[in-house]
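Colleague: Structure in structure tokens, see below.
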Number of protein chains: 2
Amino acid sequence: MTIKSDPYDSLVFLTNRVGRLLSNEVRKKLEEEGGPQILQTTHIGVLVDLWVQDGVRQQDLAVSTIKDKGTITRTLNFLEQENLVVRVTDRSDKRNKRIYLTHKGKEMEHRLLPYAEHATVGATDGISPEELRVCKDVLARLYKNLIK
Amino acid sequence: MTIKSDPYDSLVFLTNRVGRLLSNEVRKKLEEEGGPQILQTTHIGVLVDLWVQDGVRQQDLAVSTIKDKGTITRTLNFLEQENLVVRVTDRSDKRNKRIYLTHKGKEMEHRLLPYAEHATVGATDGISPEELRVCKDVLARLYKNLIK
DNA sequence: AATTATTAGTTGCACTTGCAACCAAAAACA
DNA sequence: TGTTTTTGGTTGCAAGTGCAACTAATAATT
């Protein structure tokens, strides 16, 4: 008897698809409720990182957001233009540019995060808080394991 | 006392980042071990869907893979060119094009899936099988809930 | 100290993607 | 039956992305 593997029971596909679906939900909510105009997923990803820790280098952002260095460069060009962040060349090592949130950038946290957190209402039907908790914890640990 | 929300404890960010990390792992493994030359994530996503069910319409693929119709059109142009799938115009409704795997396309399943499934070794350090099981189940239910 | 290697960030290029406009076929409606 | 609306798929366009080549600054090696 051959056991046919279920392609859907694979973390790669599950995370990617659920991730995109949730992103789309957030994007839709933002538009509906006239939220902030920064809709690019990468923009938000970078901001999220900066909310956790300020003053990191572009390279660090590239690693944690899992984007190319070049992509981060261009993302920051935009965020800087929008007065959400500033680039400061590191005194002691002029290769590094440290990224800091502006006042406007910090404010954005309170406006944006609720959308990201509440995007799951409705999606979690039939899922207990405990299960959800485990799921998030596992994902967080996977992230830590994989981020090198 | 104000409780600072943790941006990382959000399903949107966790799934997206873990998803990308895992995709990159699979891509790397494929290259290292001289696997199939189809590296595009979208290509693989479409194939996965077809392994689950053959003969669906492009529109169905767009929904389940969460990609734009246009993207699916172009993805199928490629897969058809590679002799992995064929498009068959539906007799009873000429708007529909049914997508079928070729022999080569079916073969690919056995070659590709192991990469996707085993990509998690090393990543799951410190995570029990039970926890992983719950995580996958939750993700699967989220997917079903969100896919409309 | 001078040369070489490495690292951070930028830029050009090719490719992917989503959106919107479009075409063809079918369904709904008058 | 003829007109309008909806649906599936394709295409043009603009924006995002990864890769590789490049520059500037620092570290490592001789």
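Colleague: Measure off 7 Å from each Cα along the Cα-to-Cβ vector at B:T102 and A:E130, then give the distance between these two points in nanometres to one decimal.
Modeller: Output for this residue pair reads 5.2 nm.
Colleague: For the pairs B:K106/B:K148; A:K106/B:K69; A:K148/B:K104; A:K106/B:K28; A:K29/A:K94; A:K148/B:K106, flag any whose C-alpha to C-alpha distance is greater than 31 Å. Don't jump to the answer; show the numbers that get you there.
Modeller: Values: B:K106/B:K148 28 Å; A:K106/B:K69 37 Å; A:K148/B:K104 36 Å; A:K106/B:K28 37 Å; A:K29/A:K94 41 Å; A:K148/B:K106 35 Å.
From B:K106/B:K148; A:K106/B:K69; A:K148/B:K104; A:K106/B:K28; A:K29/A:K94; A:K148/B:K106, over 31 Å: A:K106/B:K69; A:K148/B:K104; A:K106/B:K28; A:K29/A:K94; A:K148/B:K106.
Colleague: Towards the positive end of the charge dipole of region A:11-117, with charges on Cβ (+1 Lys, Arg; -1 Asp, Glu), say which of A:Q59, A:N24, A:V12 has the farthest Cα.
Modeller: The Cα lying farthest towards the positive end belongs to A:Q59.
Colleague: What number, in percent, do you get for the relative contact order of chain A if the mean sequence gap of Cα pairs under 8 Å and at least 6 apart is divided by its residue count?
Modeller: 22
Colleague: How high is the FRET efficiency from B:T71 to A:V86, r the C-beta distance, R0 35 Å, rounded to 0.05? Present the calculation step by step, with values, prior to reporting the outcome.
Modeller: Numbers: r = 36 Å, r/R0 = 1.03.
In this case the efficiency is close to 0.45.
Colleague: Follow-up. Between B and A, buried accessible area summed over both sides at probe 1.4 Å, in Å² to the nearest 100?
Modeller: Looking at B and A, the buried total is near 5700 Å².
Colleague: Quick one: net charge of B:L79's neighbours, Cβ under 12 Å, K/R +1, D/E -1?
Modeller: 0
Colleague: Please give the net charge around A:K67, taking every other residue with its beta carbon less than 13 angstrom from that of A:K67, where Lys and Arg add +1 and Asp and Glu add -1.
Modeller: Working: positive: A:K69, A:R74, B:R17, B:R20; negative: A:D49, A:D60, A:D68.
Net charge around A:K67: +1.
Colleague: While we're here: Hey, what D do you get for region B:16-146 in µm²/s if you plug the Kirkwood alpha-carbon radius into Stokes-Einstein at 37 °C and 0.692 mPa s? Walk me through the numbers on the way to the answer.
Modeller: On the way: Rh = 16.2 Å.
Translational diffusion coefficient: 203 µm²/s.
Colleague: Subtract the Cα-Cα distance of B:V63 and B:F78 from 0.36 nm times their separation in residues, and report this length gain in nm to one decimal.
Modeller: Working: separation 15, 0.36 × 15 = 5.40 nm, distance 1.90 nm.
Using 0.36 nm per residue and subtracting the Cα-Cα distance, I get 3.5 nm.
Colleague: When ligands, DNA and RNA are left out and all protein chains stay put, how many square angstrom of accessible area per residue does region A:11-117 have with a 1.4 Å probe?
Modeller: Heavy-atom SASA per residue in region A:11-117 reads 52 Å².
Colleague: Leaving ligands, DNA and RNA out of it, work out the accessible area of B:E109 with a 1.4 Å probe and give it in Å² to the nearest 10.
Modeller: Roll a 1.4 Å probe over it and B:E109 shows about 20 Å².
Colleague: Any idea what the dipole of the protein assembly as shown comes to, in debye rounded to 20, about its Cα centre with Lys/Arg Cβ at +1 and Asp/Glu Cβ at -1? Display every interim value, and only then the final one.
Modeller: Working: 48 positive and 42 negative charges, 184 e Å.
It works out to roughly 880 debye.
Colleague: If you don't mind, there's one more thing I want to ask. Note the distances from A:L39 to each other copy's matching label point, with points 7 Å along the Cα-to-beta-carbon direction, in nm, sorted shortest first.
Modeller: Nearest to farthest, the other copies are at 3.1 nm.
Colleague: Moving on. At 10 °C and 1.306 mPa s, grab the translational diffusion coefficient of the protein assembly as shown from Stokes-Einstein with a Kirkwood Rh over Cα pairs, rounded to a whole number in µm² per second. Display every interim value, and only then the final one.
Modeller: Values: Rh = 20.8 Å.
D, rounded to a whole number, is 76 µm²/s.
Colleague: Run the accessible area of the protein assembly as shown with a 1.4 Å probe and give the carbon-and-sulfur part as a rounded percent. Before the final figure, lay out each step's value.
Modeller: Numbers: 8120 of 16290 Å².
Carbon-and-sulfur percentage of accessible area, whole number: 50.
The values are calculated or read from the model by the stated rules, or taken from the named source; none is laboratory data. The shown structure was predicted, so the numbers you read here are calculated from the model rather than taken from an experiment. Quick reminder, even Gly has a Cβ in these numbers, built from the backbone with ideal geometry, and neighbours come from all protein chains shown. For accessibility, only protein heavy atoms count, side chains too; no ligands or nucleic acids. Shrake-Rupley method; radii C 1.70, N 1.55, O 1.52, S 1.80 Å.
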